[in-house]
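**Student:** Here it is: the structure, laid out below.
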Amino acid sequence: MNCTQNKKIEQVKETTMIVGIDVGSEKHYFRAFNWRGIELTRKPIAFSNSMEGFNSFYNTIVELMQKSEL
């Protein structure tokens, strides 16, 4: 995808959640921010490298989206 920096910035809307993930071999950490860069998680949240861990990650993201009305 050949986008300029401005095109990428234009893609971020009021309903956008930005999630950063630090991937490890057994445990991962993530933080979530709204479109203005305000942190929604307050601290990094850990989840394991398993289906159960991914489901925990996914459910947390859904909860954050609902709480933040994203």
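FYI, it's all coordinate maths here, none of it is from the lab. Computed from a predicted structure; not experimentally measured. Glycine gets a Cβ as well: all are built from the backbone with ideal geometry, and neighbour counts include every protein chain shown.
**Student:** Run Phe33 past the list (1) surrounded by 11 or more Cβ atoms within 10 Å (Cβ to Cβ); (2) on the phi > 0 side of the Ramachandran plot and report the number of the one that doesn't hold.
**Tutor:** (2)
**Student:** Here is a follow-up. Those residues that are in contact with a strand residue (DSSP E or B) (Cβ under 7 Å, 6 or more places away or on another chain) and exposed (fewer than 15 other Cβ atoms within 10 Å of the Cβ), I need them from the range 41-53; list them, please. Before the answer, list the steps.
**Tutor:** Residues of the range 41-53 in contact with a strand residue (DSSP E or B) (Cβ under 7 Å, 6 or more places away or on another chain): 41, 44-49, 53.
Hits for the range 41-53 are Pro44, Ala46, Ser48, Asn49.
**Student:** Also: Determine whether the range 17-25 contains at least one residue that is loosely packed, with under 11 Cβ neighbours inside 10 Å, out of contact with any Pro (no Cβ under 9 Å at 6 or more places or on another chain) and not polar (S, T, N, Q). It would help to see each step written out before you state the result.
**Tutor:** Applying the first criterion (loosely packed, with under 11 Cβ neighbours inside 10 Å) to the range 17-25 yields 23, 25.
Okay, now just the ones that are also out of contact with any Pro (no Cβ under 9 Å at 6 or more places or on another chain), so 23, 25.
Okay, now just the ones that are also not polar (S, T, N, Q), so 23.
Yes, because at least one residue in the range 17-25 is loosely packed, with under 11 Cβ neighbours inside 10 Å, out of contact with any Pro (no Cβ under 9 Å at 6 or more places or on another chain) and not polar (S, T, N, Q).
**Student:** Could you tell me whether any residue of the range 45-62 is part of a loop (DSSP other than H, G, I, E, B) and in contact with a Leu (Cβ under 7 Å, 6 or more places away or on another chain)?
**Tutor:** Looking for residues that are part of a loop (DSSP other than H, G, I, E, B) and in contact with a Leu (Cβ under 7 Å, 6 or more places away or on another chain), one finds none in the range 45-62, hence no.
**Student:** Consider Ile38 carefully, then state whether it is loosely packed, with under 13 Cβ neighbours inside 10 Å and hydrophobic (A, V, I, L, M, F, W, C).
**Tutor:** Working: loosely packed, with under 13 Cβ neighbours inside 10 Å: yes; hydrophobic (A, V, I, L, M, F, W, C): yes.
Answer is yes for this residue.
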